[in-house]
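Everything below concerns the one structure shown next.
Every number in this text was worked out from the coordinates using simple rules, so none of it is lab data. The structure displayed is predicted, hence computed values, not measured ones. For neighbour counting, all protein chains shown are included, and Cβ atoms are generated from backbone atoms with ideal geometry for every residue, glycine included.
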Amino acid sequence: MSMTLTEKILAKASGRTHVNAGETVWVDVDVLMTHDVCGPPTIGIFKREFGEDARVWDKDKVVIIPDHYIFTNDKYANRNVDILRAFAADQDLPHYYDVGSERYKGVCHVAMPEEGFTRPGEVLFGTDSHTCTAGAFGQFATGIGNTDAGFIMGTGKLWVKVPETMKFIFEGEIPPHIMAKDLILRIIGDIGVDGGTYRAMEFAGDGVMNMDMEGRMTLTNMVIEGGGKNGVVEPDEVTFDYVRKRTNKEFTPLYNDPDAKYHSVRTYKSSELEPMVAKPHSPDNKATVGEVKNTPLTRAYIGSCTGGKLSDFEAAARVIKGHEVGVETYVVPATTKIREDLKTTWYDGETLWDIFQNAGAHMGEASCAACLGGPSDTFGRLQGEEVCISTTNRNFPGRMGSKKAQVYLASPYTVAASAITGNITDPREYLPVEETV
Amino acid sequence: MSKIIKGKAFVVGNDIDTDQIIPAEHLVYSLDDPEERRFYGRFALSGVPEDKSGLPEGGLPFTDPDKFESDYKIIIGGKNFGCGSSREHAPFALQVAGAEAVVATGYARIFFRNAVDGGFIIPYESHDDLIEHISTGDEVEIDGELNIIKNLTTGKSYPLKKLGDVVDIVDAGGIFKYAAKHGML
């Protein structure tokens, strides 16, 4: 019997030769990831259930990356990091990335690939809904709660229902003004915020396979905004090249069988794609940029696991270069590595860092920051009736801090062009014309 | 499931995400400390926009701002209840507020899983969109054996879907108790 990539990974992880979509299986976990918001309660549950002196099931498989509430004076938030630090020391965990140390990374979903934890064919669970990002590497990766994470911490196992797969194919070259974010906003707009519930969402076609890893990560990252359980892209040489540069650990990539059964297949012609936004207050409230053009804004935000990767800033910098921003603009690199890269990556005679700074943007430290609001002193947090355009992933009421604010989600190109004018703007108005070879 | 849950209903709309159930700024409190954990009850459903909070009229807080527990025991939602983040603080907050069940036409899967595996609150699915049939403050009763919800205020009953695969975990009271019962720990 043929299987999808997701079915194959779950079959392997449950020690079976075959699984069917809809079956419940117990899988062996390759990596468990947690952070400062859900780590402390996970640790609490682990100790409650397995004992104060219990040891984690495999310390090489536990990854703890504080990233949510880092640069804040909130005493409870800081206490959460203290709890992680004490636990990591007590358990002698090798993969803990402490705040205030040189090891500090920032946003877990971008740090995970940087550190080589996103390996094809493996099973990753994380206490964060955007754990699905790692599916870009052909890994089965999904978000879980603290109880499930506490269970894994003690046993290395978890039950999971095998999902059907929805396949999304992009045929043909992606136009130069279109980014992965436009593709995923289009998909979520088409299927709705619950259109992928309980299912895997796979991205395929030459439009996707010609993307670098960061573009693919933008697609799988927002699977959860379509309700999906996991996102996935079949691994290829681009994947292997990225992963092998970052880990020596062996992995076994898995692929779809040619006659695998899908829940559904949707095909898009890449050439027909438009720059997209998700209007307030839902990621499926889609519009083309043309349909909401000139909507007045008071803020722009470039950051998060979705839109705070190096390639996102490279894109934004190409648009912003030589301009000043017309609204308050916040730049928040996802990780400390990306923050350093901004200072050493040049575009047209200037570093990306200088391009943003000279444009008048506020430059932040690496963390989740205002993507999810956070404590009241969080960098870039919406406090009132702001109208913000953002490269982040969610615009439900109150997501970025204020119930009264309005958030438009868009690609780094569109956010950068809109930051310049102070209105929602088509990036084609500011993108340099490509020189044809 | 022989459990009867009876109490006042609190009605909200579609796509109630976890930031509406418990806004992210409140995720800093300890879930164990008895003094701190009460705040999850106080701020449960505090992110729901005012006009959508306590339908059909709206403008009703789930938990009064000066209290830690809600007067409502059963939450009625529409589609995709609990979408958004994976925070287990969401079903936890509803439990701490005193709620025992949610009845919605559908759930985001992580919320559903967290509610069940943590044993916090029972996530029932209804066939009908009950937002149309139940008003905030109505006295309702869920019969977990017959799989129905009765609106005692109007006298009408509506069928619930069976809990399916997860019924054993719900009955056991969460994944740890289930696993212990089956010799897995």
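List of remarks:
- Distance from the Cα centroid of the range A:190-235 to that of the range A:42-116 is 28 Å (rounded to whole angstrom).
- A cut-off of 5 Å between modelled amide H atoms, ignoring neighbours fewer than 5 places along the same chain, links A:Lys286 with A:Lys279.
- For the range A:1-90, the alpha carbon convex hull comes to 134 Å³ per residue, rounded to a whole number.
- Here's the picture: charge each Lys and Arg Cβ at +1 and each Asp and Glu Cβ at -1 in the range A:5-268, and of A:Thr147, A:Pro258, A:Leu32 the one pushed furthest to the positive end of that dipole is A:Thr147.
- Among A:Gly192, A:Gly143, A:Gly51: highest mean-square fluctuation, GNM of chain A, C-alpha pairs under 10 Å: A:Gly51
- GNM result for chain A, Cα springs below 10 Å: residue of A:Thr335, A:Thr218, A:Thr42 fluctuating most strongly: A:Thr42
- Once backbone amide H atoms are built at 1.01 Å from N, B:Tyr107 has B:Asn80, B:Phe81 as its partners under 5 Å, excluding neighbours fewer than 5 places away on the same chain.
- Each DSSP beta bridge with both residues in chain A is either parallel or antiparallel, and the antiparallel ones are about 25%.
- For the range A:277-435, average projected area of the Cα convex hull in nm²: 8.3 nm²
- Neighbour count of at most 15 Cβ within 10 Å plus DSSP loop: longest GluC sites (Glu not before Pro)-free window in chain A: A:174-249
- The range A:5-268, relative contact order in percent, only Cα pairs under 8 angstrom and at least six apart counted: 24 percent
- The DSSP beta bridges internal to the range B:75-172 are antiparallel in roughly 55% of cases.
- Whole-Hz couplings from phi, Karplus 6.51/-1.76/1.60, listed for the range A:47-53; x for Gly and Pro: 5, 4, 8, 10, x, 4, 9
- According to the Cα-based calculation, Rg over Rh for the range A:5-268 is 0.97, with Rh computed by the Kirkwood formula.
- Inter-centroid distance (Cα atoms) of the range A:317-353 relative to the range B:1-61, Å: 40 Å
- Summarised as an ellipsoid, the protein assembly as shown has semi-axes of 36, 28, 25 Å, derived from the eigenvalues of the Cα gyration tensor scaled by 5 and square-rooted, with the largest first.
- Here the dipole of the protein assembly as shown is about 800 debye; that uses its Cα centre as origin and unit charges on the Cβ of Lys and Arg (positive) and Asp and Glu (negative).
- Qualifying trypsin sites (Lys or Arg not before Pro) in the range B:57-91, where qualification requires a DSSP coil assignment and no more than 16 other C-beta atoms within 10 Å, comprise B:Lys67.
- Dipole magnitude (debye, nearest 20) for the range B:4-181, charges at Cβ of Lys, Arg, Asp, Glu: 400 debye
- Computed Kirkwood radius, in angstrom, where 1/r is averaged over Cα pairs of the range B:4-181: 15.9 Å
- Per-residue [θ]222 nm for chain B (sum of -39500 (n - 2.57) over DSSP H runs n ≥ 4, rounded to 500): -6000 deg cm²/dmol
- Qualifying chymotrypsin sites (Phe, Trp or Tyr not before Pro) in the range A:95-137, where qualification requires a DSSP coil assignment and no more than 14 other C-beta atoms within 10 Å, are lacking entirely.
- Debye, to nearest 20: dipole size of the range A:277-435, +1 on Lys, Arg Cβ, -1 on Asp, Glu Cβ: 640 debye
- Comparing B:Pro65, B:Pro23, B:Pro34 in a Gaussian network model of chain B, where Cα atoms under 10 Å apart are tied by springs, the biggest mean-square fluctuation is seen for B:Pro34.
- Cα-based equivalent ellipsoid, the range A:42-191: semi-axes from gyration tensor eigenvalues, Å: 32, 20, 14
- Top positive-direction residue, dipole computed over the range A:277-435 with Cβ charges, set A:Ala419, A:Val319, A:Pro432: A:Ala419
- Near A:Phe168, the amide H atoms lying under 5 Å from its own belong to A:Glu202, A:Phe203, A:Ala204, A:Arg266; only residues 5 or more places off or on other chains count, and H is placed 1.01 Å from N.
- Where both bridge residues fall in the range A:277-435, DSSP classifies roughly 35% of the beta bridges as antiparallel.
- Selection among A:Ala287, A:Ser390, A:Ala359 by position relative to the dipole of the range A:275-409 gives A:Ala287 as farthest towards the positive end (Cβ unit charges, Cα centre).
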